[in-house]
Every structure is written in structure tokens, then in C-alpha cells.
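Written below as C-alpha cells is the structure these notes are about.
The values are calculated or read from the model by the stated rules, or taken from the named source; none is laboratory data. Only a predicted model underlies this, so the values are computations on that prediction, with no experimental measurement involved. Please note: Cβ atoms are built from the backbone with ideal geometry, for glycine as well, and neighbour counts cover all protein chains shown.
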Amino acid sequence: EGAREPDPSLAARRAAAFGPAVDPLFYAEPIEVLRSEGVWITDTSGRTFLDAYNNVPCVGHAHPRITSAIARQSRRINTHTRYLHPSAIELSERLTATCPPELDTVLLVNSGSEANDLAWRMATAVTGNRGGLCTDFAYHGITEAIAALSPEGWFGAPGPDHVETWDPTADPSALDAAIERLRARGHAPAATILDGVVTSDGIFDLDPAYVQALAARTRAAGGLWIADEVQSGHGRTGTHLWCFERFGIVPDFVTLGKPMGNGHPVAAVITRSDIVAQLVGHTTLFSTFGGNPVSAAAALAVLDVLDDERVLDRVQRTSHGLRAALLAIDDPAILDVRAVGLAVGVELEGDRARAVRDRMRELGVLVGTTGRHSDTVKIRPPLALDEHHVPQLAGALGDALSSTRR
Ligand code: PMP
């Protein structure tokens, strides 16, 4: 498909079709995307951008092994999981094989929100508790139950009565205080949910001992632990496939999404059979699209590529080089560089981050912003990003900082 003029009516038609509550487009000048490959996105005019933002195309945009797995399976059969087909079963076996033995059961769904919603529903059912704990500026999803655990979307309004938040950069007693505030309102915790790289809070490299202390405090108060690996899983941190392994904890629920199908919608909850057994006779666990053979084929192909291309090793190498290149940028506006594998936050002085992000887009490099004050440049590329892309990425950040200096 060749380049063509961007369609000037598309943004207005989008606004009319989706309505005013849908998330805004990225960048002051939105990008009309046409095609992609690896770490590259090409717009309709034929301009190619280095994608240092999108985590969903985990092993790279349009990876041929994923696209052919999807195409091959969709030509054969696609249906739900009430017929026998090996793909979803093999996927579940492959996932539990990557986890500690207690985590022996997999429920396949379609989005990170749905995975978290199901984990939350199981946590409330088995604990009999209704309270929930999340970080101060977390995002975990769109359903009613999970929006309640997603303060990023509360727009500064007070949270629901059954939810408390804590500052993930404070010491573990911040969680005790949050549990105490819940208790004062008559709620015991059903679960604490944590994105291991705390993406929306601003990306922080949490200390294993700290997370172990949080998990112990949650359990002492009667709650379960939900490791939301939608951002932090599938090798993002480089050291482990799952971030909970990095922390040395065994969660009660592990939720997966975004990168799981490299862009194809597929998500999962990994949990314990003794938890799921308590739901028998109370609820059915069935999702029409969850675990369909095409989604399962995509997710299996992602696991294969993560192994065959030794993606975690590449993440560690690229992260190391990127961190060094970012630290070498000599600009007083950079207050902090936080790299957890290829989840990287560059905290900037004042309100510079959005202008820097938009300038980097003009320079051909796509990044985002994050944090409660949107003061941190979010670099969270496909894990196909390699050391040789680092100079372009860090160079664009340095140039954007100097050309937007006030
Ligand atoms: N958990 C985390 C940590 C996320 O970042 C997101 C999506 N931004 C979700 C859950 C929800 O996933 P989805 O959009 O697939 O429902």
C-alpha cells in the first residue's frame, strides 16, 4: 500500500463517531498510521517514525511469525472453548510452566480490564472482603469494578468508599495506613493490585523487599495479591518473563494483556486451582472469545518468539545502553532517569514533558508522558528495540530538550 495525502476530515469524523468522552489522539499533530514493521511506524504520507512508545507490539510490529500464526489458524477454524482444540490448552500449559507450581490454572479472556475484573471478582468471592488497594495514580482498566481501582481516571475526585490508595515511592507503612483507613470505613481488603513497573504513577524500579513487605501486609489483613503484568510482563523488565519473579513473591492472581498477542486481543488470569474451585456452583467462568484458537495461536507465537529471539537478553542490553545514553544528556531539565528494562521514565522539570514529547514526534521519534503531573517522558518501546536504535532515540530527546528550552 503506497503513500498518499493524509485525510484531513478523519480527525473530525473520529470525534463525531466516537463522541466527546473517548481518549484524545496522541500528539499536537496526530499521526494517521498506515503500516509498521519492527520498531517502525509509517504514516500515510510515507514518513517513518521510531516507535519508542507502544508495548502492545511486544516482539515488534507486524512480526511475521505472529501474523502468519494468526492467518494460518483463522483459515482453519476459530471458535469458543467448549469444543476441544489443543491451542488454548497448550497456551495455558505453557503459561503455568513459567510460573511457580501454585499458579496452576489459567482463565483466558480478551483484555487487561477483563482479566483484572475477573481476578477482583475471585478475590472478593474467596476472601468475603470488599476492600481494594492500589497505588495513588494507578490504571488497571475500564470495567466498573476496575475503574474503581484506577485513580488515574478519577480526575481528582475522591475514590469510592471501598478503595484506598498508597504512594508507591513511600515506605511500606503507607500501605498499612491505607489498610487502616479502609478498616475505619468498615472494609477489609479483598486484594491489593500492583502494576510492577507502576507505569501510570511515573515508572519506578520497586525494591523486591519493599514489594514483599506490601504483599505480607496485604495478606496479614486478609487480602490477596493481584500482580497486574499487563505492562510489566512478557519480558518488559528484561531480567524475568514476569515482574513478580523479580520481586520474589508468589501472587494469588497474575493478570496478562496488551503484549500477550502482540496486538491481537487476548488476555489471561493465572491463579491457583484451590481459588477457582471455590467458585464452582456460584458462577460460570466462560468468555465467548476468550481462548479462541486464533488468539491462542497468536499468544503461543509470542511466547515462541520471546524464547527463540532471546528477547529478554536484548531488553537487558538495550536498557543498559539507553539508560547510559539518557544519563549522558547534559540538560538541567532532566531530574531523574528511571529504567526498569524497557519501561523507562525521564522525569523533567516543571511542565516540560508534553512539549518535549510533541517535539520528539516532529523529530520522528514516538514517546509518551506519564505520572500524576504528566512530568515524565514515558519510553516504553516494542521489545524489538535494539542497541543501534538508542542514538536516534536519545539524540531526539536531547534535541527536543534544547529546542523547547524556555
Ligand atoms: N492494567 C494495566 C497496568 C494497564 O496499563 C492497562 C491498559 N493501559 C490495563 C490493565 C487495561 O488493559 P485493557 O486496555 O486491555 O483493558
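Got a number for residues in region 82-135 being among the hydroxyl-bearing types (Ser, Thr, Tyr) and in contact with a strand residue (DSSP E or B) (Cβ under 7 Å, 6 or more places away or on another chain)?
Step one: filter region 82-135 for residues among the hydroxyl-bearing types (Ser, Thr, Tyr), giving 83, 87, 92, 96, 98, 105, 111, 113, 124, 127, 135.
This time we only want the ones that are in contact with a strand residue (DSSP E or B) (Cβ under 7 Å, 6 or more places away or on another chain), so: 92, 96, 105, 111, 124, 127, 135.
Final tally of qualifying residues: 7.
Which residue is farthest from the chain's Cα centre (by Cα), if the candidates are limited to region 190-217 and must be hydroxyl-bearing (Ser, Thr, Tyr) and surrounded by fewer than 24 Cβ atoms within 10 Å (Cβ to Cβ)? Step through it out loud before you land on a result.
Let us first name the residues in region 190-217 that are hydroxyl-bearing (Ser, Thr, Tyr), namely 192, 199-200, 210.
Add one more test, that the residue is surrounded by fewer than 24 Cβ atoms within 10 Å (Cβ to Cβ), and what stays is 200, 210.
Numbers: 200: 9, 210: 21 Å.
So the residue we want is 210.
Restricting to region 239-268, name every residue that is more than 12 Å from the ligand (Cβ to nearest atom) and in contact with a Lys or Arg (Cβ under 8 Å, 6 or more places away or on another chain).
239, 240, 252
Quick one: in region 379-404, which of the residues that are among the polar types (S, T, N, Q) and over 18 Å from residue 327 (Cβ atoms) is surrounded by the fewest Cβ atoms within 10 Å (Cβ to Cβ)?
Let us first name the residues in region 379-404 that are among the polar types (S, T, N, Q), namely 392, 402-404.
Narrowing further to those that are over 18 Å from residue 327 (Cβ atoms): 403-404.
Details: 403: 12, 404: 17.
Checking each candidate, the answer is 403.
Taking interchain pairs and intrachain pairs at least six residues apart, which have beta carbon atoms under 7 angstrom, with the first residue in region 29-43 and without any contact (Cβ under 8 Å) to a residue 24 or more places away in the chain and surrounded by fewer than 16 Cβ atoms within 10 Å (Cβ to Cβ) and the second in a strand (DSSP E or B) and charged (D, E, K, R)?
33/43
Report those helices (runs of 4 or more DSSP H) wholly inside region 21-137 carrying at least 2 residues which are within 16 Å of the ligand (Cβ to nearest atom). Spell out how you get there, then give the answer.
Working: elements: 64-76, 86-97, 112-127.
Filter on region 21-137 gives 112-127.
Against the conditions (1) touching a residue at least 60 places away in the same chain (Cβ under 8 Å); (2) away from the ligand (no atom under 15 Å from the Cβ); (3) surrounded by fewer than 21 Cβ atoms within 10 Å (Cβ to Cβ); (4) within 21 Å of the chain's Cα centre (by Cα), where does residue 278 fall short? Just the number, please.
Unmet for residue 278, out of (1) touching a residue at least 60 places away in the same chain (Cβ under 8 Å); (2) away from the ligand (no atom under 15 Å from the Cβ); (3) surrounded by fewer than 21 Cβ atoms within 10 Å (Cβ to Cβ); (4) within 21 Å of the chain's Cα centre (by Cα): (4).
Scan region 337-394 residue by residue and report those that are touching a Leu at 6+ places or on another chain (Cβ under 9 Å), in a strand (DSSP E or B) and of a type outside the set (Val, Ile, Thr).
Passing the criteria: 339, 347, 348, 366.
Run down 186, 196, 156 and say which single residue is modelled with pLDDT of 95 or more and under 24 Å from residue 368 (Cβ atoms).
Working: 186 fails: under 24 Å from residue 368 (Cβ atoms); 156 fails: modelled with pLDDT of 95 or more.
Result of the check over 186, 196, 156: 196.
The rows are residues; the columns are (1) under 28 Å from residue 290 (Cβ atoms); (2) hydrophobic (A, V, I, L, M, F, W, C).
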position: 11; (1), (2): no, yes
position: 30; (1), (2): no, no
position: 36; (1), (2): yes, no
position: 50; (1), (2): no, yes
position: 53; (1), (2): yes, no
position: 63; (1), (2): yes, no
position: 71; (1), (2): yes, yes
position: 79; (1), (2): yes, no
position: 91; (1), (2): yes, yes
